[in-house]
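Please read the structure below before turning to the comments.
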């Protein structure tokens, strides 16, 4: 299953024609069309336009249940600690509203409350504009060790 988000700038008539042609391409490939002039829910975010700019907020299906890695899973700790940094929310009021539900979910999944509070504090101290800046990637000259296991 692949998810594709298309922001369409041509006419609605052209969109419907594109959708119809796309779905005739191959019998096992089907593009579902969800269209809106105001907002769209895509994966775990709501995308909407406000004051001429694209904005985002957290989205959860009404029947959905938030599920994150359990603290005692075998994933590296830095992965579990970084979950709070992955939320895509451009509006601070929405972000702050969702932080409370995130804290409850983490507590239910056996995260240490001090770790939760610390990571949320760290995430909320970073300005959004800083996160949107391009950052040069450092090249790591590491030699991977590949071992076969039988």
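Yes or no: the stretch 51-62 includes at least one residue that is at pLDDT 85 or above, surrounded by 10 or more Cβ atoms within 10 Å (Cβ to Cβ) and out of contact with any strand residue (DSSP E or B) (no Cβ under 7 Å at 6 or more places or on another chain). So far as the stretch 51-62 goes, no, none of its residues is at pLDDT 85 or above, surrounded by 10 or more Cβ atoms within 10 Å (Cβ to Cβ) and out of contact with any strand residue (DSSP E or B) (no Cβ under 7 Å at 6 or more places or on another chain).
Just one of (1) under 23 Å from residue 60 (Cα atoms); (2) within 21 Å of the chain's Cα centre (by Cα) fails for residue 133. It is (1).
Out of the residues in the stretch 93-127 meeting the condition of being modelled with pLDDT of 85 or more and loosely packed, with under 10 Cβ neighbours inside 10 Å, tell me which one is nearest to residue 67 (Cα to Cα). For the stretch 93-127, the residue satisfying everything is 114. Kindly establish whether residue 130 is at pLDDT below 85, outside any loop (DSSP other than H, G, I, E, B) and either loosely packed, with under 10 Cβ neighbours inside 10 Å or in contact with a helix residue (DSSP H, G or I) (Cβ under 9 Å, 6 or more places away or on another chain) (or both). It is true that residue 130 is at pLDDT below 85, outside any loop (DSSP other than H, G, I, E, B) and either loosely packed, with under 10 Cβ neighbours inside 10 Å or in contact with a helix residue (DSSP H, G or I) (Cβ under 9 Å, 6 or more places away or on another chain) (or both).
The values are calculated or read from the model by the stated rules, or taken from the named source; none is laboratory data. These numbers were taken from a predicted model, which means no experiment stands behind them. No Cβ is skipped: glycine too gets one built from the backbone with ideal geometry, and neighbour counts run over all protein chains shown.
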